[in-house]
Amino acid sequence: MSERARWLTERERETAEDDFERDLHTEHQVLNMGPSHPATHGTVKFLVELDGESVVDLDVQVGYLHRGFEKECESGSWYQCIPYTDRLNYNSAILANVGFCMAVEKLLELEVPQRGQWLRVLGSELARLSDHLTRCGAACLELQAMTPFLYGIEARELTWDLLEGLCGARVTSNYVRIGGLRHDMPEGFPSWCRETIAKIRGLLRDFDRVVTGNRIFIDRLRGTGALGRDELIAYGVTGPLLRAAGVAHDLRKAEPYLVYDEIDFDIPIGEVGDNYDRYLVCVEEMQQSLRIAEQCLERLEALGPGPVDVADPRVRWPAKGRVFNHMEEMIQQFKAVTEGPRVPAGEAYLAIESANGELGFYLVSDGTERPVKVRCRPPSLINLAPFPQMVRGGLLADLIPTFDFINMIGGECDR
Amino acid sequence: MEDHGSPVLRRLIDVHAAAVEATHARFGDVTACVQRAHLARVLCFLRDDPECGFEMLVDLCAVDYLEQGRTPRFEVVYHLLSLASGRRLRIRAGVPEDDCTVDSVVELWPAADWMEREVWDLYGIRFDGHPDLRRLLLYEEFEGHPLRKDYPKERRQPIVGPGSAGG
């Protein structure tokens, strides 16, 4: 208000403000954000309708990373799908591997040996950890906090080192097989893993000290991007976003798969479901993942050496020694490599709790070695759909952290 | 009609006997095949009925059975979840090739908005009553629906963008 207006009477002041509003011609502006924008780490485009700095409406345009995942899967053998699942979510490839292979095992009615199951859980939790580290680290980076991002990425490097030790690749793990795993963990892995977990805990502590109680960080996240419980459910949102709104729904507890029912861990939930709650849920889930990983190591050591694969010639290859010396095994190996397994006709849906929520695979087989349908239910895509509802009426600047905590991963969203 | 020990399926058969064509529960996945004409009504019932209470539409996809020679050629598949009871249910409905339309359920679950757009985009199945049935993953100029089995995997189309409009 100008210096002069302060001397006006109440009534005159009201008239002056009306005049001010009337004379100032405003119009909505459409801002094109992306598809290649530093804060949309993933290729996605937003058409944001702005009134000043407030978001009036938003159109999300996805599909820039569409590469025909389902089409490719439906034109190869069941085994050839596994490397494609690596490329769904680059942060947590093992989770997609596990989800797909478990869905095929459901059709084949196979049960993986204990050791294989514990190793799958171990791999899954390390992958979940790396996913959450990226989410929280990148959110800080985009709120102009470089240091915590580096703490997060350093911890992610350590998890990726572990994954590299486990399966030979840092990002595209390709570790899980139908009926088991590619191989057992290397010698000395448990002690190395424990040392690394201690280091990761240290980095998480540093991260926590810099970020969690930080006034600027809290002010940016509290009350932004919130959406009510009922709306989230109607939109099919799962994972940390739903748990932050107070719904204790986690498939590891709700529909325990693998050996999760034998593991002691907690499901953190939030209260209001804003970005700060989402952050807190993710931070606590990382601690829980480390807890689960430690229990896995303990159990794997207690179990002792043993098979990680089912002994089923339909899906696993015979031992190399026998392939070279026995006719039957040689034929079996030849057929397994050139044709791949035949999966009994039928349909099955299997969902696991990925870092972003329910990652499901709906498979249809007609009894041949080629799938009829490989549908991936992508949590990234489904969690992104209510994004306009989360940011409408808020400030443009709050759109960024909200998008960060949705953690849309282009590879999985667009498939 | 067999209910396979599922109270939800029993309830569905009791109330909508005419709509349910077949049921199964292989691998523990409770499934009902319903007639396309009754689909939206059945789904609405499953959401609103207190004994069913499927408040979440988990997934919606389509399957093309061209190579299996099945009629109707397409099928739309809905996966539902009730958070309160933890129950899941799969609903399937056949869609013939010459009339590729299904009633939209966006009114029931806003989650269906993008899912239906994706099915339209990749399979060319229209959803009647969808407020904004645009392609989701591909661009409007794209010809055909690539997840149909008669769309060749090798087919390439130019990427059309704002810079190449008209040329």
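Tabulated data
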quantity	calculated
Options B:76, B:119, B:102: the member that is outside any loop (DSSP other than H, G, I, E, B), aliphatic (A, V, I, L, M) and out of contact with any helix residue (DSSP H, G or I) (no Cβ under 9 Å at 6 or more places or on another chain)	B:119
Condition broken by residue A:409, with the remaining ones in (1) surrounded by fewer than 24 Cβ atoms within 10 Å (Cβ to Cβ); (2) touching a residue at least 24 places away in the same chain (Cβ under 8 Å); (3) more than 14 Å from every other protein chain (Cβ to nearest Cβ) satisfied	(1)
Criterion (within 21 Å of residue A:86 (Cα to Cα) and crowded, with 16+ Cβ neighbours inside 10 Å) met by exactly one of A:115, A:220, A:156	A:156
The stretch B:145-161, residues that are more than 8 Å from chain A (Cβ to nearest Cβ) and under 20 Å from residue A:62 (Cβ atoms)	B:145, B:157, B:159, B:160, B:161
Residues being within 14 Å of chain A (Cβ to nearest Cβ) and touching a Leu at 6+ places or on another chain (Cβ under 7 Å) - total across the stretch B:99-110	3
Residue satisfying condition, being under 21 Å from residue A:45 (Cα atoms), crowded, with 23+ Cβ neighbours inside 10 Å and either more than 8 Å from chain A (Cβ to nearest Cβ) or not small (Gly, Ala, Ser) (or both), within set B:132, B:121, B:113	B:121
Helices (runs of 4 or more DSSP H) wholly inside the stretch A:203-255 containing at least 3 residues that are within 21 Å of the chain's Cα centre (by Cα)	A:229-234, A:240-244, A:251-254
The stretch A:55-74: number of residues that are acidic (Asp, Glu) and either at the interface with another protein chain (Cβ under 7 Å from one of its Cβ atoms) or within 28 Å of residue A:400 (Cβ to Cβ) (or both)	3
Conditions (1) more than 10 Å from chain A (Cβ to nearest Cβ); (2) assigned to a helix (DSSP H, G or I); (3) surrounded by fewer than 22 Cβ atoms within 10 Å (Cβ to Cβ); number of the one not met by residue B:43	(3)
Count of residues meeting criterion [buried (at least 24 other Cβ atoms within 10 Å of the Cβ) and in contact with a strand residue (DSSP E or B) (Cβ under 8 Å, 6 or more places away or on another chain)] in the stretch A:86-102	11
Unique residue being basic (Lys, Arg), surrounded by fewer than 23 Cβ atoms within 10 Å (Cβ to Cβ) and either more than 14 Å from chain B (Cβ to nearest Cβ) or farther than 18 Å from residue A:85 by Cβ (or both) when the list is A:370, A:316	A:316
Any helices (runs of 4 or more DSSP H) falling wholly within the stretch A:306-415 and containing at least 3 residues that are within 22 Å of residue A:70 (Cβ to Cβ) and among the aliphatic types (A, V, I, L, M)	A:379-384
Matching residues in the stretch A:334-358 - criterion: being touching a Phe, Trp or Tyr at 6+ places or on another chain (Cβ under 9 Å) and either within 14 Å of chain B (Cβ to nearest Cβ) or modelled with pLDDT of 85 or more (or both)	A:341, A:342, A:343, A:346, A:347, A:348, A:349, A:350, A:351, A:352, A:353
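The values are calculated or read from the model by the stated rules, or taken from the named source; none is laboratory data. All of these numbers come straight from a predicted model, not from anything done at the bench. Neighbour counts are summed over all protein chains in view; Cβ atoms, including those assigned to glycine, are modelled from backbone coordinates with ideal geometry.
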